[in-house]
Amino acid sequence: MQEFEQNGEMRRQIGVIITCGTKETWRNTFDAMCENYYHDIEVGLQKEMVKNHCAFIVERVDAMASNIRVPQILKEHLVDGVFIIGGVYRESLIRLVQRYELPTVLIGRDHPKLDYVTSDYKDCVYKGIKYLLERGHRDILFINGPANSATTLPKEQGLQKAFDEISKQVSEKWCVQSEFSGDGGYWATKMAYENRKLRPTAIFAGSDTIAAGVLGYLYEQRLRVPDDVSVLAYERGMLTEYLTPVLTSIDVHKKEIGKRAGKIMMQRIAHPELPQQTSVVPAELYEGASVRRIGSTDDADEEKA
């Protein structure tokens with residue numbers, strides 16, 4: 001074990017590998033899903049690690065490269081265990097980490113053999129679409145993540161489930177894909193409006209960063225949220241509460257995800273013989289000010305006025 005002494009106590013070092021998709025990003029730019037996802041998870045993770053006298057070493061890895069490099073924290077044997085955070089990476093990264101035979105916990109996706117903590121992505125999107133449908137929206141644009149994300153397919157399944165169960169009046173699902181970034185959200189929205197000529201009454205963004213880009217495009221077009229277009233976000237991270245208006249979002253409880261992941265890591269270190277440990281954290285809808293009910297009495301009164 002890579003223990004070190006501090007104030008007379010032996011402490012462990014735990015690695016955190018942040019999977020950056022197709023590029024490495026600086027922590028303070030927040031131009032990728034992994035950074036926003038990690039930011040809030042770190043709060044819960046850190047509390048659990050500090051409680052157990054552990055320190056962090058964080059490394060960002062281009063996890064979609066054809067030849068994934070060995071993370072330095074593994075190559076230098078600096079850590080006693082490792083968290084892998086994110087949903088955009090090749091399976092070869094998992095195999096590479098497994099060679100070092102360290103306690104490993106995935107955060108943000110599942111795995112048939114490794115410990116993990118994640119969300120029910122299908123249910124998250126189902127909840128969001130259902131919420132919009134119940135508020136009268138029928139022309140809904142869903143901006144999903146990129147095709148190489150492990151979360152994209154279950155989100156599409158949640159979209160389909162909501163339409164199948166709740167709305168027989170929707171003849172077509174409007175679904176586009178975007179990188180997990182504000183720039184990606186902006187261009188996905190622009191293409192939907194200008195190339196496909198879509199006019200949604202509501203947009204469900206597949207991440208907070210995508211939602212920020214959606215708002216940027218709508219602002220340029222002088223479309224007001226929620227008066228002209230309702231916007232629903234996914235995650236409820238730090239961006240959600242500081243955007244204007246405060247976004248209604250699917251809260252995946254990232255701090256709780258971090259906390260549970262920390263507990264599983266400590267259990268794995270203490271008891272390597274345990275069977276696979278998994279946890280799926282339930283999500284719930286957080287109501288902000290970005291979704292408007294349509295087709296209601298209030299709307300009729302406004303039109304008369």
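For L153 and Y242 in one chain, what is 0.36 nm times their gap in residues minus the Cα-Cα distance, to one decimal in nm? Spell out each step's value before the answer.
On the way: separation 89, 0.36 × 89 = 32.04 nm, distance 2.91 nm.
Answer, rounded to one decimal: 29.1 nm.
Is it possible to state the helix-based mean residue ellipticity at 222 nm for the chain, with each DSSP H run of 4+ residues giving -39500 (n - 2.57), the sum divided by total residues, to the nearest 500 deg cm²/dmol? What is it?
Values: 10 runs with 116 residues, N = 305.
After summing the helix terms and dividing by residue count, I get -11500 deg cm²/dmol.
Ordering H253, H53, H111, H137 from largest to smallest accessible area (1.4 angstrom probe), what's the sequence? The partial results should precede the final answer.
On the way: H253 55, H53 80, H111 25, H137 0 Å².
The most accessible residue leads, giving H53, H253, H111, H137.
Can you pick out the pairs among K113/K190; K75/K155; K127/K197; K190/K259; K47/K173; K75/K127 whose Cα atoms lie more than 32 Å from each other?
Numbers: K113/K190 41 Å; K75/K155 35 Å; K127/K197 27 Å; K190/K259 38 Å; K47/K173 42 Å; K75/K127 42 Å.
From K113/K190; K75/K155; K127/K197; K190/K259; K47/K173; K75/K127, over 32 Å: K113/K190; K75/K155; K190/K259; K47/K173; K75/K127.
How large, in percent, is the carbon and sulfur part of the accessible surface of the stretch 122-202 at a probe radius of 1.4 Å?
Within the stretch 122-202, the accessible surface is 47 percent carbon and sulfur.
Could you tell me which trypsin sites (Lys or Arg not before Pro) in the stretch 173-214 are loop residues by DSSP with no more than 15 other beta carbons within 10 angstrom of their beta carbon?
Qualifying residues, ordered by number: K173, R196, K197.
Just to be sure I understand: of the beta bridges DSSP finds with both ends in the chain, what percent are antiparallel, rounded to 5? Display every interim value, and only then the final one.
Values: 6 of 45 bridges.
Restricted to the chain, the bridges split so that about 15 percent are antiparallel.
Tell me the angle of helix 121-134 to the major Cα principal axis of the chain, expressed in degrees between 0 and 90 and rounded to the nearest ten.
The angle comes out at about 20 degrees.
If you average the C-alpha positions of the stretch 87-128 and of the stretch 273-296 separately, how far apart do those two centres end up, in angstrom?
Comparing the Cα centres of the stretch 87-128 and the stretch 273-296, I get a distance of 18 Å.
Over what distance in Å are the Cα centres of the stretch 132-206 and the stretch 212-233 separated?
When both Cα centres are located, 14 Å separates them.
Can you classify the chain as rounded, prolate or oblate using the Cα gyration tensor, where a ≥ b ≥ c are the square roots of its eigenvalues, rounded means a/c under 1.5, and otherwise it's prolate if a/b beats b/c and oblate if not? Please report the intermediate quantities before stating the final value.
Working: a/c = 2.25, a/b = 2.14, b/c = 1.05.
Judged from the Cα gyration tensor, the chain comes out prolate (a/c at least 1.5, a/b above b/c).
Averaged per residue, what accessible surface does the stretch 80-213 expose to a 1.4 Å probe, in Å²? Write out the running numbers ahead of the final one.
On the way: 5330 Å² over 134 residues.
Value for the stretch 80-213: 40 Å² per residue.
Of all accessible surface on the stretch 32-103 at a 1.4 Å probe, what whole percent is carbon and sulfur?
Working: 1500 of 3080 Å².
With neighbouring chains kept in place, the figure for the stretch 32-103 is 49 percent.
Explain nothing, just compute: Karplus ³J(HN,Hα) = 6.51 cos²θ - 1.76 cosθ + 1.60, θ = phi - 60°, for every residue of the stretch 49-65 in order, whole Hz, x for Gly and Pro.
Once rounded to whole Hz, the list reads 5, 4, 4, 9, 6, 10, 10, 9, 10, 9, 9, 9, 10, 6, 8, 10, 5.
Shape call for the stretch 125-195 from the C-alpha gyration tensor, a ≥ b ≥ c root eigenvalues: rounded (a/c under 1.5), prolate (a/b greater than b/c) or oblate?
On the way: a/c = 2.23, a/b = 1.42, b/c = 1.57.
Cα axes put the stretch 125-195 in the oblate bin.
Under the rule of at least 5 residues apart or a separate chain, name every residue whose amide H is placed under 5 Å from the amide H of G81.
G15
Mind running the shape call on the stretch 122-244? Use the C-alpha gyration tensor, a ≥ b ≥ c as the square roots of the eigenvalues: rounded below 1.5 for a/c, prolate if a/b tops b/c, oblate otherwise.
Numbers: a/c = 1.41, a/b = 1.18, b/c = 1.19.
Here the stretch 122-244 falls in the rounded category.
Please determine, in degrees from 0 to 90 and to the nearest 10, the orientation of helix 208-220 with respect to the longest principal axis defined by the Cα atoms of the chain, where the helix direction is its Cα long axis.
Once rounded, one gets 30 degrees.
Which order do you get for T248, T278 if you rank them by accessible area with a 1.4 Å probe, largest at the top? Kindly include the intermediate steps, with their values, before the conclusion.
Details: T248 0, T278 70 Å².
Descending order: T278, T248.
The values are calculated or read from the model by the stated rules, or taken from the named source; none is laboratory data. Remember, predicted model here, so these are calculated numbers, not experimental data. Reconstructed Cβ throughout: ideal geometry from the backbone, glycine too, with neighbour counts over all protein chains shown. These accessible areas exclude ligands, DNA and RNA; they are computed on the full protein's heavy atoms, side chains included. Shrake-Rupley method; radii C 1.70, N 1.55, O 1.52, S 1.80 Å.
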